[in-house]
């Protein structure tokens, strides 16, 4: 009989994050226990605790992953020549990197503001990264309308989620609507790159 295949720690952590996020979305963060997560994974709680100290640690891990994505995106953006159409190109690139997990993560944050506040240490880093993204398009002293437009373009998924709380919109629907929003908001090119 061949030896049983073992998942890497990184794969196990990714699966825990995925299952936990599904449960948080389905049942709510507070109503989901680590026992629920372990049971859904077919593992005991001690195995879960080997990878994550608890639910907050799982959510923190999700936030850190997205922060890393944002930093990579900013590095890419800073290497681009400022030219007409860059706002649209950059916003679509960010949106194309948005996964189902990201949509569920934003949905979780919107539905659980207390959890988001408690774990906000990483969200300050994310906000700082996106302030730098926005500044590429608006400069250091932007007109308020320009600032709000660029923030809205890059927060298209969050805007669509805010508009869809009582719907059964799937992540693919949210991303498709966000794409249409980005295209509409960046249609004429305007004064921004």
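What are the residues in segment 53-92 that are free of Cβ contacts under 8 Å to residues at least 24 places away in the same chain and over 14 Å from the mean Cα position of the chain (by Cα), if any?
Within segment 53-92, 53, 54, 57, 75, 76, 79, 80, 81, 89 qualify.
Might you let me know whether segment 5-14 holds any residue that is out of contact with any helix residue (DSSP H, G or I) (no Cβ under 7 Å at 6 or more places or on another chain), in a loop (DSSP other than H, G, I, E, B), at pLDDT 95 or above and over 25 Å from residue 169 (Cβ atoms)?
Checked segment 5-14: no residue is out of contact with any helix residue (DSSP H, G or I) (no Cβ under 7 Å at 6 or more places or on another chain), in a loop (DSSP other than H, G, I, E, B), at pLDDT 95 or above and over 25 Å from residue 169 (Cβ atoms).
Can residue 129 be described as more than 30 Å from residue 166 (Cβ to Cβ) and under 18 Å from the mean Cα position of the chain (by Cα)? Let's see the steps before the verdict.
Values: more than 30 Å from residue 166 (Cβ to Cβ): yes; under 18 Å from the mean Cα position of the chain (by Cα): yes.
The answer is yes for residue 129.
Return yes or no: is residue 162 surrounded by 15 or more Cβ atoms within 10 Å (Cβ to Cβ), touching a residue at least 12 places away in the same chain (Cβ under 8 Å) and farther than 17 Å from residue 67 by Cα? Spell out the reasoning first.
Details: surrounded by 15 or more Cβ atoms within 10 Å (Cβ to Cβ): no; touching a residue at least 12 places away in the same chain (Cβ under 8 Å): yes; farther than 17 Å from residue 67 by Cα: yes.
No; evaluated as a whole, the condition is false for this residue.
Check off (1) surrounded by 16 or more Cβ atoms within 10 Å (Cβ to Cβ); (2) under 20 Å from residue 64 (Cα atoms); (3) touching a helix residue (DSSP H, G or I) at 6+ places or on another chain (Cβ under 7 Å) for residue 132 and give me the number that stays unchecked.
Unmet condition: (1).
From 148, 110, grab the single residue that is under 26 Å from residue 55 (Cα atoms) and surrounded by fewer than 16 Cβ atoms within 10 Å (Cβ to Cβ).
Matching residue, one of 148, 110: 110.
Hey, which of the helices (runs of 4 or more DSSP H) in segment 31-144, taking only ones fully inside, have at least 1 residues that are more than 24 Å from residue 184 (Cβ to Cβ)?
Values: elements: 34-41, 45-51, 55-78, 86-96, 100-111, 113-118, 121-138.
By residue number, 34-41, 45-51, 55-78, 100-111, 113-118, 121-138.
The values are calculated or read from the model by the stated rules, or taken from the named source; none is laboratory data. Just so we're clear, the structure is a prediction, and the values are computed from it rather than from any experiment. Counting neighbours? That spans all protein chains shown, and the Cβs are built from the backbone with ideal geometry, glycine included.
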